[in-house]
Amino acid sequence: MAQIIDGKAIAADVRREVAVDVAALSSAHGLVPGLAVVIVGSRKDSQTYVNMKRKACAEVGICSIDVDLPEDISEPALVAEVHRLNADPAVHGILVQLPLPKHINEEKILSEISIEKDVDGFHPLNIGKLAMKGREPLFVPCTPKACMELLSRGGVTVRGKLAAVVGRSNIVGLPVSLLLLKADATVSIVHSRTPDPRSIVRQADIVIAAAGQPMMIKGDWIKPGAAVIDVGHIVSAAAEQDVMINGNGDLIKPGAVVIHDADIDSVDDDPAQPVGDVHFAEVSKVAGFLTPVPGGAGPMMVAMLLKNTVDAAKQGWGICKLQ
Ligand code: NDP
């Protein structure tokens with residue numbers, strides 16, 4: 001049976017470390033890290049994420065600066081808001097909750113965030129540096145960073161290993177592939193056009209499952225003893241009526257509210273069944289290490305956001321006073 005890498009427990013360790021750092025910054029320099037969490041509109045899933053991130057900030061002593069903007073805000077007005085936050089010395093990190101309404105160009109907005117405050121790590125310059133040998137980004141996106149932290153704190157060596165990443169999105173698959181490469185793994189990236197993905201995944205010592213396809217990775221996809229990180233999601237109870245998952249676990253009705261594993265702390269009472277990209281029952285019999293859903297990558301993603309914010313503050317970007 002696989003050793004379970006407990007993301008919730010590891011995330012709690014990281015949060016404790018962050019809280020110690022925050023207290024030290026405050027007592028030594030009078031500095032309180034500030035994270036501006038920007039939300040546009042009132043999407044239920046986005047509200048849930050934002051509330052969870054704001055709550056997590058408060059728990060470790062980071063000052064959460066709430067910026068709630070109307071759905072119909074114009075792109076220039078949102079850019080102006082980002083510029084205002086860039087210039088505010090009380091703000092060390094800026095997070096713009098995605099997705100943005102359709103009339104706003106996400107790429108434009110993300111590239112307007114100062115790279116010194118880009119705690120989500122999505123600025124093209126930070127991603128570019130991540131992709132280049134010998135360059136270090138100021139910030140690494142939180143979910144990919146969470147995967148690497150789960151591997152290292154879970155006792156999995158990356159250097160010299162064969163890794164397979166299932167998914168190539170800008171926010172998870174691509175950056176985690178780059179991180180694995182930087183850590184000296186040999187990396188294969190599997191996507192929706194990859195013929196016979198199973199044969200590629202089966203060679204890997206490390207598998208990162210980030211396809212958004214419930215229970216796609218079966219037991220016979222996994223090399224015995226491999227480490228498997230499931231970047232899965234859960235389906236909220238609110239959407240239960242609108243959700244259909246078939247026998248293979250691969251169908252979610254369009255328009256259903258899907259909430260990532262990251263929310264697990266705030267939806268503990270949620271009766272809906274969590275669904276990951278990995279078939280846990282099968283894979284746990286073959287893998288050497290495995291993260292669960294919930295309680296794997298999700299809680300770690302939030303912990304990494306807090307860590308990035310403290311790192312931003314350490315660069316000495318002014319003072320934010322807690323109210
Ligand atoms: P996207 O939909 O943006 O990307 C999915 C990727 O998976 C794409 O590259 C796609 O390929 C690939 N893919 C889809 N179907 C298949 C398939 N059958 N075989 C191989 N590859 C496939 O998703 P995200 O990257 O945003 O999210 C991925 C997963 O991670 C989701 O389950 C999401 O809920 C979860 N997530 C969890 C977070 C957490 O903190 N726990 C945070 C963010 C996401 P192609 O490029 O060809 O379309």
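Based on the mean of other Cβ atoms within 10 Å per residue, sort peptides 35-42, 183-190 so the most packed one is first.
Highest mean packing first, the order is 35-42, 183-190.
Residue-wise, which Karplus ³J(HN,Hα) couplings in Hz belong to the stretch 176-186, taking 6.51 cos²θ - 1.76 cosθ + 1.60, θ = phi - 60°, and x for glycine or proline?
5, 4, 5, 5, 5, 4, 4, 8, 6, 8, 9
Under the 0.36 nm per residue contour assumption, what length would be gained going from the current alpha-carbon distance of HIS83 and GLU136 to full extension?
16.6 nm
Non-local amide H neighbours of THR157 (under 5 Å, H modeled in plane, Pro and chain starts lacking H): which ones?
Distant-sequence amide H within range of THR157: zero hits.
To the nearest µm²/s, what D does Stokes-Einstein give for the stretch 28-114 at 37 °C and 0.692 mPa s, using the Kirkwood radius over alpha carbon pairs as Rh?
245 µm²/s
Which FRET efficiency value, to the nearest 0.05, do you get for SER46 and ASP184 by plugging their Cβ-Cβ distance into 1/(1 + (r/R0)^6) with R0 = 35 Å?
Plugging the Cβ-Cβ distance into 1/(1 + (r/R0)^6) gives 0.45.
Lysines near LYS285 by alpha-carbon distance under 28 Å, same-chain residues fewer than 8 away left out - which ones?
Cα-Cα hits under 28 Å: LYS8, LYS145, LYS161, LYS218, LYS223.
Can you work out ³J(HN,Hα) from phi for every residue in the stretch 108-123, in order, using Karplus 6.51 cos²θ - 1.76 cosθ + 1.60 and θ = phi - 60°, giving whole Hz and x for Gly and Pro?
Running phi through 6.51 cos²θ - 1.76 cosθ + 1.60 with θ = phi - 60° gives 4, 5, 5, 7, 7, 6, 4, 5, 6, 10, 7, 5, 7, x, 8, 4 Hz.
Please enumerate, by chain and number, the lysines with C-alpha under 17 Å from the C-alpha of LYS44, excluding those fewer than 8 residues away in the same chain.
Result set, ordered by chain and number: LYS53, LYS55, LYS102, LYS253.
All of the numbers you see were taken from the coordinates with simple rules; none came from a lab. Just so you know, these numbers come straight off a predicted model, no measurement behind them. For neighbour counting, all protein chains shown are included, and Cβ atoms are generated from backbone atoms with ideal geometry for every residue, glycine included.
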